[in-house]
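Student: Got a structure here, written out as structure tokens. Questions coming.
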Amino acid sequence: MAKAPSPAFRCTECGWTTAKWAGRCGECQQWGTVVEASAPTGVLGKLTPIRATDERAARPITQASADEAPRWSSGIAEFDRVLGGGIVPGAAILLSGEPGVGKSTLLLEVASRAAKTGARVLYVSAEESVSQVRLRAERTGALHDDLYLASETDLATILGHIDQVQPKLLIVDSVQTVSSSQSDGLAGQPGQVREVSAVLTRIAKERDLPILLVGHVTKDGSIAGPRLLEHLVDVVCQFEGDRHTALRFLRAQKNRFGATDEVGCFEMAGDGIAEVPDPSALFLSQNEPVAGTCVTIVMEGRRALPVEVQALINKTQAPNPRRVTNGVDPSRVAMILAVLHGRYSYDLTDHDVYISTVGGVKISEPAADLAIALALVSVIRDLALPRDLAAYGEISLSGEVRPVSVAKQRGSEGNRLGYELLLNSDVSNDLKSVLGIAKTAAEAARPARRERELDAAF
């Protein structure tokens, strides 16, 4: 019997083998990871044990040092907050985000703030020339003598710059555009990304040199390159934001030195990026309350934020009325409309319904259900809710107002911002009762609002 031929190609990500080359792995579905593999000889070399030194010897966990890793501030409080209190020496930090969201602008600001503290910073741009980075630094006010710039795509040359400059902080923009002569393929391919990230991570650990790496993202929003890249680094941060709005969020998806539920808020401006330590006013309208608006309190990581939900309805003759949402889950809106219609006879089958949030924020949690329902009932009755009213709670199909997570922190934030009437499951777990309380509060506030309008008119 003839011996079956050994597989000639192997996936570098998951080890899947095939006799013919394929552009995409049949197991992990990664592109460009199938490479030619040498046939196994069947002979395994004997591995000789090496005795560990006294410094590296295994010891009981109770004898291990529990001292917290030292940190130093980047100069941007929101950035330090996401990292867990500051930058840890020797940490490899990966920052990813959509093109144009402001990754390079943020890291240039971090480099400038670090340089102003006396730390020497090396900013390596593999995508822009030194003059282009200089122009952006002039616009954002990030010029400093301790901030060194280099435009390199070769890993060996970057290592030479590190030896020459001896920086306290290294920024590489981006890891997908750097290549190494020790690995085959073009820059950005999985083998190159793996080699570059492994070498830079090793340099960070050996020299206690914190490194900030910029990572590209794919069409579905995941980080480009092999999954190993996220495993090698210590911190993975995602920079999010709609390019049509100035608001940006920085989230930690992985953090070996802190929590992963912190969120940093930033705002893009003409002169760069600015941190927003208290973003409460960004998601609220500044005008007098009108029918169809209600404030809810949502959680962004550990941060409670008030967000205004707005609703509008229009009579239509179309057989299929429109349901347009912006910033909220359309399936939750459809469910709330069904509850209002089926349980409380609010019929909107002949109306177009528009639901939106202020400031471009996106709400994904069910805590905004109650605010959406109140905004809809408010516009149906043409009755504006008072400014000091906020609501948060999940609505079930039975019309029950269910409690939400972190309710105590939401209430504390609402009280701090001056919301005297907080409608939630603690007030009543029946939606009809909550709607009645909101109606009474709105009717009581109507005379005072009318008086203010008359004072403004005269």
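The values are calculated or read from the model by the stated rules, or taken from the named source; none is laboratory data. Quick caveat: nothing in here was measured; it's all calculated off a predicted structure. Cβ placement follows ideal geometry from the backbone for every residue including glycine, while neighbour counts extend to all protein chains displayed. In case anyone asks, the SASA skips ligands and DNA or RNA and just uses the protein heavy atoms, side chains included. Shrake-Rupley method; radii C 1.70, N 1.55, O 1.52, S 1.80 Å.
Student: So how much slack lies between Ala37 and Cys14, counting 0.36 nm per residue of separation and subtracting their Cα-Cα distance, in nm? Please report the intermediate quantities before stating the final value.
Tutor: On the way: separation 23, 0.36 × 23 = 8.28 nm, distance 1.33 nm.
That works out to 6.9 nm of additional length.
Student: Just by accessible area at a 1.4 angstrom probe, what is the order of Tyr148, Tyr354, Tyr346 from largest to smallest? Walk me through the intermediate numbers first.
Tutor: Values: Tyr148 85, Tyr354 65, Tyr346 40 Å².
Largest accessible area first, the residues go Tyr148, Tyr354, Tyr346.
Student: I'd like to check one number: the per residue accessible area of the chain, probe 1.4 Å, reported in Å² as a whole number.
Tutor: Numbers: 23760 Å² over 458 residues.
Using a 1.4 Å probe on heavy atoms only, each residue of the chain averages 52 Å².
Student: With a sphere of radius 12 Å drawn around the Cβ of Glu262, what net charge do the other residues whose Cβ falls strictly inside it have (Lys, Arg +1; Asp, Glu -1)?
Tutor: Values: positive: Arg81, Arg251, Arg302, Arg303; negative: Glu78, Asp80, Asp261, Glu300.
Once all neighbours under 12 Å are counted, the net charge is 0.
Student: Here's something else I'd like to know. In units of 2.2 N^0.38 Å, what is the alpha-carbon radius of gyration of the stretch 166-256?
Tutor: Details: Rg = 14.0 Å, N = 91, 2.2 N^0.38 = 12.2 Å.
For the stretch 166-256, the normalised Cα radius of gyration comes out at 1.14.
Student: Based on DSSP H runs of at least 4 residues, each adding -39500 (n - 2.57), what is the mean residue ellipticity at 222 nm of the chain after dividing by all its residues, to the nearest 500 deg cm²/dmol? Don't skip to the end; give the middle numbers.
Tutor: Details: 10 runs with 131 residues, N = 458.
After summing the helix terms and dividing by the residues of the chain, the value is -9000 deg cm²/dmol.
Student: Shape verdict for the stretch 382-445, please, from the Cα gyration tensor: rounded (a/c under 1.5), prolate (a/b greater than b/c) or oblate.
Tutor: Numbers: a/c = 2.52, a/b = 1.05, b/c = 2.39.
Since a/c reaches 1.5 but b/c is at least a/b, the shape of the stretch 382-445 is classed as oblate.
Student: Still on this structure, I have one more. Want the number for Asp350 to Arg139: 0.36 nm per residue separation, take away the alpha-carbon distance, what's left? Spell out each step's value before the answer.
Tutor: Values: separation 211, 0.36 × 211 = 75.96 nm, distance 5.24 nm.
The span from Asp350 to Arg139 would gain 70.7 nm if fully extended.
Student: Run the simple label-point estimate for Arg59 and His231 please: 7 Å along Cα→C-beta, distance reported in nm.
Tutor: 2.9
Student: Report Glu109's accessible area, 1.4 Å probe, all protein chains in place, as a number in Å² to the nearest 10.
Tutor: Accessible area of Glu109: about 20 Å².
Student: Given a 1.4 Å probe and every protein chain left where it sits, what share in percent of the accessible area of the chain is carbon and sulfur?
Tutor: C and S atoms contribute 51 percent here.
Student: For Ser180, Ser356, give me the order by solvent-accessible area with a 1.4 Å probe, most accessible first, ignoring ligands, DNA and RNA.
Tutor: On the way: Ser180 15, Ser356 35 Å².
Ranked from most to least accessible, the order is Ser356, Ser180.
Student: Let me ask something additional. Report the local net charge at Gly86: Lys and Arg +1, Asp and Glu -1, summed over other residues whose C-beta lies under 9 Å from its C-beta.
Tutor: Working: positive: Arg71; negative: Asp80.
Within the 9 Å Cβ shell, the charges total 0.
Student: OK, next. At a 4.7 angstrom Cβ threshold, list every cysteine in the chain that has nobody to pair with, or say none.
Tutor: Cys237, Cys265, Cys294
Student: If you don't mind, another one. Return a whole-number percent for the relative contact order of the chain, with Cα pairs under 8 Å and 6 or more residues apart as the contact set. Could the numbers behind the result be given before it?
Tutor: Working: 892 pairs, mean separation 51.7, N = 458.
11 percent.
Student: Just by accessible area at a 1.4 angstrom probe, what is the order of Ser197, Ser73, Ser285 from largest to smallest?
Tutor: Details: Ser197 0, Ser73 65, Ser285 35 Å².
If we order Ser197, Ser73, Ser285 from most to least accessible, we get Ser73, Ser285, Ser197.
Student: At what distance in nm do the modelled label points of Ala156 and Asp242 sit from each other, each positioned 7 Å from its Cα along Cα→Cβ?
Tutor: 4.9
Student: First check a/c for the stretch 250-305, with a ≥ b ≥ c the square roots of the eigenvalues of its C-alpha gyration tensor; if it is under 1.5, answer rounded, and if not, answer prolate when a/b is larger than b/c or oblate otherwise. Don't skip to the answer; put the middle values down first.
Tutor: Working: a/c = 3.95, a/b = 1.56, b/c = 2.53.
Oblate.
Student: Give me the extension gain from Ser433 to Gln317: residue separation times 0.36 nm, minus the current Cα-Cα distance, reported in nm with one decimal.
Tutor: Values: separation 116, 0.36 × 116 = 41.76 nm, distance 3.28 nm.
38.5 nm is the gain from fully extending Ser433 to Gln317.
Student: Could you compute the net charge surrounding Glu275? Neighbours are other residues with a C-beta less than 11 Å from the C-beta of Glu275; K and R count +1, D and E count -1. Don't skip to the end; give the middle numbers.
Tutor: Numbers: positive: Arg81, Arg113, Arg248; negative: Glu78, Asp80, Glu109, Glu267, Asp278.
Within the 11 Å Cβ shell, the charges total -2.
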